[in-house]
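Asker: Sharing a structure with you now.
The values are calculated or read from the model by the stated rules, or taken from the named source; none is laboratory data. As the structure is a computational prediction, the values presented were derived from the model and not from experiment. Cβ placement follows ideal geometry from the backbone for every residue including glycine, while neighbour counts extend to all protein chains displayed. Note: accessible area is taken over every heavy atom of the protein model, side chains too, but ligands, DNA and RNA are not part of it. Shrake-Rupley method; radii C 1.70, N 1.55, O 1.52, S 1.80 Å.
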Amino acid sequence: MVRQLHAKRRTLATVSAPPLVSQKVEFLSGNELAALAASQINFHLMGYYPITPSTEVVEQLSRMKAQGQHQIAMVPAEGEHSAAGICYGASTGGGRVLNVTSSQGLLYALEQLPVQSGTRFPMVLNVATRAINGPLNIRCDHSDLYFALNTGWIILLAKDPQAVYDMNLLAVRIGEHPRLRLPVLVAYDGFFTSHQKRRVHVFDSAVVRAFIGKPAPPFTALDPDRPVTIGPYMNDPDLINNKYQLKLAFDAAAEVIPDIFKEFAALSGRRYRSVERYAMERADAALVLLNSAAETAKEAADLLRHQGLRVGVVSLSVLRPFPAAQLREALRGVKAVMIGDRADSYGAGGGNLSLEVRAALQEERTRPRCLSRIYGLGGKDFTVEDAVELTRQAFASLKAPRRIPSFDYLGATPGAPATVDGHDRDGKVAPLPLTVEEVSRHHAQLMQDPVTNRLTVTLDPLWKMAPTPHRVTPGHGACPGCGAFTTIKQFFRILDGPVIVLYQTGCAMVVTTGYPATAHRVTYLHNLFQNGAATLSGLVEMYHERVRRGELPGVEDPTFVMVSGDGGMDIGLGAALGAAVRNPRMIILEYDNEGYMNTGSQLSYSTPMGHQTSTSPTGSNSFGKSFHHRDTPQLFAAAGAAYVFTAAEGFPEDLMKKAAKAQWYAKQEGFVYGKVLSACPLNWMAPDDSVATVLQAAVDCGFFPLYEVERGKTVITYDPEALGRKRPAQEWLGLMGKTKHLLTPETSSVVAAFEAEVDRRWRRLKAKHEHPEL
Amino acid sequence: MATSVPFEIRFESIGGLGAHLAAQLLAETLVLRQGFNASQFSSYGSEKKGTPIRSFIRVTDAHKPIRVSSPVIEPDILAVFHEALLARRSTLAGLKPKGVLVINRPRASTRPLPRAHVFLVDAMAIAVEERTRINTAILGAVAKACALIDAKALAAILEERFRGKSSKLAEANLKTYWRGYEEAVERTVTDGLEIPPPDGATAAPRWGYLTAPLGGAILEPGSMVANDLSASRQGFAPRLNLARCTHCGICDLVCPDYCLVWEAQEVSTCVGPDQVVWDRQAARLVGIDYQFCKGCLRCVESCPSGALTKELEGSWVQDARVPLW
């Protein structure tokens, strides 16, 4: 059936190539070029979730769209799993689809990838490669990419920014080829290629459109005249045939890709080959490397050839299908092959590239000596000197094979002996570990109201609290004026007794734990962005189980607190609501700064409507974020949390009273969630020393009501209406650079919609405050 | 001094001063206006203001490929955006013997200069007067320091860049740029700090595979206290006038850097109107640890008694520092 459908269609490959066209010189980075290519392709849709270092592509495309430079529907997901799902769903609809990601984003989306290929819907996924957790690292290696090897996607490699542009155009043509119908992943090195600007050549959009043609899917999910069942339940006699079809497509890809490369060369003058050779004429040794490292190795090859050493570089432009035959050809006659991997396949004796190159060479009658090295993990630079060293080892292995290990790491360091005992602090002394007594100063006294059953709190005077040491040390690297650290200070100051914290990925996590230093004086954990609540609830359960078994004294239960930004509560909402329902004795403290500020201000679901972020820019076609901020506290209240509160760091007494209640409920009854409005002067575009005013206005205009839901009973703790302090939203919006555009007449309807939503929520809140059963 | 390609440039700065943008505009000029090939990139971290940042440019002939993507470790031109960065060894490391050093330096500064061919510019003074940022003033000085940079072409790129925002901004920035160019003072320093040799691109870290605790765990709580964040301040610092302080504790609630120093006085004696003597605890704000203060001035904003004020950064900061530890 599939073959019949294909036979009906004209193959795009037969379209005659236009002559070499003129191109424009630009100075752009890999990410900028991925975005430029996408805008010229004018994909129908992009589902995305920002992650460093690929985020810039989304930012660029958002900016271009705001200025009317393309029509791609940009759909911000709440995590990569959903982003991939959005892309999959869209791709069944017959249009062109784009996604970009990196590292954990690729891994979180991973299970969607084989579905995309197994059901045969082409799309393009750019991966700016980055190391995978843990520990968390944001820089380049190929540990993310290697997880995609078995997903049934074509994998194109872009060694430099020019290739990022070219491969994105090629990816559309290749994936949609009727013999293939496969999704295509374009991989380029995070930062090295994604962020480095180079002199490049780009086409006019008309040339791009002519080259890629129009999509011609054999069927779509959006054709009511031709109903189709996509993704059936398929058991044993059939699945193997579905996979064999996939295998056949990859066989075909090995033929189709070189043809399209040739056609592209005729158009651009840039000739890609599945296996690229450099200085391989009569080479005795070859370095086999991928992407930017291969480029660096070419410099070494030049240098060494000059010195009379016959060494060349072999790299790949296509990783799937693996070009084994061309690789054998390229390495024929070479005596030593040094294969470098930017990720290990632990326990396999080499990285994936290395294993595959070695496997490919098995078919050769005379096989070269093969060496495997892991290099450049987590962004460690691969220098010309490193390439020279790899060459040296390759030649040395020919003379003394036993002395040179077949598999090893390049660049791992044993550590200086002086640090063995762990006490060398370069002459600087760390503060002594914090004792529980030092921080437990009982700054809040709790009483239970016998009538209402509510807790009431009396606080110490502020001067009395000031000398109490913090569970976080100064020296953390947050921006000047950061509200997350004011929130953390005010909240934790009130907590008594032992505390164990988990910080979700985000600003507060990054700036307090840059290895090898930590700002935390109590035990701290970090896990995946979307999984913090599950992780901490697991630790809570372990604590109680070990107490039950008598393994821990259980005299004074620690208070378990997860600290998260509003970003962590997007991607991590599922795990957090799951925890709320199970009701473990823990607290989630969310510092809400209205966006993904750690990565340069992308929109979160807590960003209010109309606010400008790098993924909701303003422009002739955009007024800022297009949908309302999520009412997260109400979700947790509905999930039955023991105590839910909102607070703002500009209202410290209110916040600290709620901190005391949070601890009581987390120790006595169960799950607590609190959302605290916390300033981000940098991305709010407000002076550091104006945030008190901004926070006051945010609360007084009703955007951020201060209240608590105690055992299901809502109480408003600060009522701007009753105090005569209610003011229009404009007074708040005028205080921040990110919202100044909302004061113009053209955006008045946005502000009106925002105010209507804020008022609706306020009226509901007041009703709940007044009515005992709501 | 770089008089022929290839040559390499490094900017040493602090997040928020605009070094990345400056390098980008310079590289754009070299590629799009002067016909060179170049690569440009910055050190990579999360997007924090106030943390050290480096930006790099490699320049070569139009048709020569640039294949190296690691940082510039031996620059021909090195621009330092903040004088405080001179205290870090790595700032000057690797400057070529014939290289040029551009330093943003207050005219009144007495800080010793490194032994090198230097161009000094008081970019902060220019930026304050023109109501712009220091990066364009420094670009002017860099253009003067390097014969291969077409200063007029760079000015044109700057104008284009800022014209899009407002013509007033473009005018102010152009003025800043040309003032940086004109006012940069060339000097050859023969007795001063030695330029350190290049740091390897891949210097070995403190912990290694034989010594690091398994799994990346950090077993020394609170070790970040060794960090010095004073370079994060951008010209201003809070100053405490103890005579006006009521020790109310409001500033402490809003300080994100935990750098206010309090002293708890366990017992003091007060006499009430009925002559009863009772013990009471007291706590006093005794100063600020400027090692950690990033100069956000939120404490100044919050201070109800006027004891904390915004002051221009100066040598008084060192004298007024009260260490937390």
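Asker: Residues to consider are A:GLY670, A:GLY674; find the one that is assigned to a loop (DSSP other than H, G, I, E, B) and either free of Cβ contacts under 8 Å to residues at least 12 places away in the same chain or not hydrophobic (A, V, I, L, M, F, W, C) (or both).
Answerer: Result: A:GLY670 is the single residue among A:GLY670, A:GLY674 that is assigned to a loop (DSSP other than H, G, I, E, B) and either free of Cβ contacts under 8 Å to residues at least 12 places away in the same chain or not hydrophobic (A, V, I, L, M, F, W, C) (or both).
Asker: Output yes when any residue across region B:15-23 is assigned to a loop (DSSP other than H, G, I, E, B) and more than 12 Å from every other protein chain (Cβ to nearest Cβ), and no when none is.
Answerer: Looking through region B:15-23, at least one residue is assigned to a loop (DSSP other than H, G, I, E, B) and more than 12 Å from every other protein chain (Cβ to nearest Cβ).
Asker: Ok, one more. Which condition number in (1) under 24 Å from A:VAL676 (Cβ atoms); (2) open to solvent by less than 40 Å² (accessible area, probe 1.4 Å); (3) touching a residue at least 24 places away in the same chain (Cβ under 8 Å) is the one that A:ARG727 fails?
Answerer: So A:ARG727 meets the others, but not (2).
Asker: Can you tell me which of A:THR456, A:THR486 is under 27 Å from B:ALA237 (Cα atoms) and polar (S, T, N, Q)?
Answerer: After ruling out the rest, the residue left standing is A:THR486.
Asker: May I pose another question? I'd like to verify a number: residues in region A:677-724 that are in contact with a strand residue (DSSP E or B) (Cβ under 8 Å, 6 or more places away or on another chain), open to solvent by less than 50 Å² (accessible area, probe 1.4 Å) and either more than 23 Å from A:ASP759 (Cβ to Cβ) or among the basic types (Lys, Arg) (or both), how many?
Answerer: Total satisfying the criteria: 3.
Asker: Shifting gears a bit: Give me a count of the residues in region B:204-220 that are assigned to a helix (DSSP H, G or I) and not aliphatic (A, V, I, L, M).
Answerer: Counting residues in region B:204-220 that are assigned to a helix (DSSP H, G or I) and not aliphatic (A, V, I, L, M) gives 2.
Asker: For region B:24-64, name all the residues that are open to solvent by less than 20 Å² (accessible area, probe 1.4 Å), touching a residue at least 60 places away in the same chain (Cβ under 8 Å), more than 9 Å from chain A (Cβ to nearest Cβ) and of a type outside the set (A, V, I, L, M).
Answerer: B:THR29
Asker: Another question, if that's okay. So A:ALA336 fits all but one of (1) touching a residue at least 60 places away in the same chain (Cβ under 8 Å); (2) under 27 Å from A:SER102 (Cβ atoms); what number is the exception?
Answerer: Evaluating A:ALA336 over (1) touching a residue at least 60 places away in the same chain (Cβ under 8 Å); (2) under 27 Å from A:SER102 (Cβ atoms) leaves (2) as the failure.
Asker: What is the number of the single condition among (1) at pLDDT below 95; (2) acidic (Asp, Glu); (3) part of a helix (DSSP H, G or I) that B:GLU182 does not meet?
Answerer: (1)
Table: residues versus (1) surrounded by fewer than 22 Cβ atoms within 10 Å (Cβ to Cβ); (2) assigned by TED's automatic domain parsing to the domain that holds A:ASN42; (3) part of a helix (DSSP H, G or I).
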position	(1), (2), (3)
A:PHE121	no, yes, no
A:GLY134	yes, yes, no
A:HIS142	no, yes, no
A:ILE174	no, yes, yes
A:PRO178	yes, yes, no
A:ARG199	no, yes, no
A:VAL208	yes, yes, yes
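Asker: Suppose we filter B:ARG206, B:ARG244 for residues that are over 18 Å from the mean Cα position of the chain (by Cα) and modelled with pLDDT of 90 or more; which single one remains?
Answerer: B:ARG244
Asker: Any residue that is more than 24 Å from A:ALA533 (Cα to Cα), open to solvent by 20 Å² or more (accessible area, probe 1.4 Å) and out of contact with any Ser or Thr (no Cβ under 7 Å at 6 or more places or on another chain) - is there at least one of those in region A:654-675?
Answerer: The answer is no, given that none of the residues of region A:654-675 is more than 24 Å from A:ALA533 (Cα to Cα), open to solvent by 20 Å² or more (accessible area, probe 1.4 Å) and out of contact with any Ser or Thr (no Cβ under 7 Å at 6 or more places or on another chain).
Asker: Here's a follow-up. For residues that are polar (S, T, N, Q) and in contact (Cβ under 8 Å) with a residue 40 or more places away in the chain, scanning just region A:581-606, find the one that is surrounded by the most Cβ atoms within 10 Å (Cβ to Cβ).
Answerer: Filtering region A:581-606 for residues that are polar (S, T, N, Q) and in contact (Cβ under 8 Å) with a residue 40 or more places away in the chain, the one surrounded by the most Cβ atoms within 10 Å (Cβ to Cβ) comes out as A:ASN593.
Asker: Check A:PHE651, A:PHE636, A:PHE645 and return the single one that is assigned by TED's automatic domain parsing to the domain that holds A:VAL540 and in contact with a Pro (Cβ under 8 Å, 6 or more places away or on another chain).
Answerer: A:PHE645
Asker: So, one more: Out of A:VAL200, A:VAL127, A:VAL186, I need the residue that is within 30 Å of B:THR60 (Cβ to Cβ), within 14 Å of chain B (Cβ to nearest Cβ) and in contact with a strand residue (DSSP E or B) (Cβ under 6 Å, 6 or more places away or on another chain). Which one?
Answerer: One residue alone meets the criteria, A:VAL200.
Asker: How many residues, within region A:266-292, are in contact (Cβ under 8 Å) with a residue 24 or more places away in the chain, more than 14 Å from chain B (Cβ to nearest Cβ) and part of a loop (DSSP other than H, G, I, E, B)?
Answerer: 8
Asker: State whether one or more residues within region A:545-563 are open to solvent by 30 Å² or more (accessible area, probe 1.4 Å), modelled with pLDDT of 95 or more and within 17 Å of the chain's Cα centre (by Cα).
Answerer: no
Asker: Hey, any hits in region A:240-252 for a residue that's of a type in the set (Val, Ile, Thr) and free of Cβ contacts under 8 Å to residues at least 40 places away in the same chain?
Answerer: Yes, because at least one residue in region A:240-252 is of a type in the set (Val, Ile, Thr) and free of Cβ contacts under 8 Å to residues at least 40 places away in the same chain.
Asker: Check off (1) open to solvent by 50 Å² or more (accessible area, probe 1.4 Å); (2) at negative phi for A:MET736 and give me the number that stays unchecked.
Answerer: (1)
Asker: So in region A:393-427, with the set limited to residues that are basic (Lys, Arg) and touching a helix residue (DSSP H, G or I) at 6+ places or on another chain (Cβ under 9 Å), which one is modelled with the highest pLDDT?
Answerer: A:ARG403
Asker: If you scan region A:586-613, which residues turn out to be of a type in the set (Gly, Ala, Ser) and more than 10 Å from chain B (Cβ to nearest Cβ)?
Answerer: Residues satisfying the conditions are A:GLY595, A:SER604, A:SER606, A:GLY610.
Asker: Does region B:197-213 contain any residue that is of a type in the set (Gly, Ala, Ser), open to solvent by less than 40 Å² (accessible area, probe 1.4 Å), without any contact (Cβ under 8 Å) to a residue 60 or more places away in the chain and outside the structural domain of B:VAL118 (by TED's automatic domain parsing)?
Answerer: yes
Asker: Looking at (1) within 18 Å of A:THR383 (Cα to Cα); (2) in contact (Cβ under 8 Å) with a residue 40 or more places away in the chain, which is the only condition A:SER317 fails?
Answerer: For A:SER317, the exception is condition (1).
Asker: Now for a different question. Being in a helix (DSSP H, G or I) and away from chain B (no Cβ under 13 Å) is the filter; apply it to region A:490-534 and report the residue that is most open to solvent (accessible area, probe 1.4 Å).
Answerer: The extreme case among them is A:ALA534.
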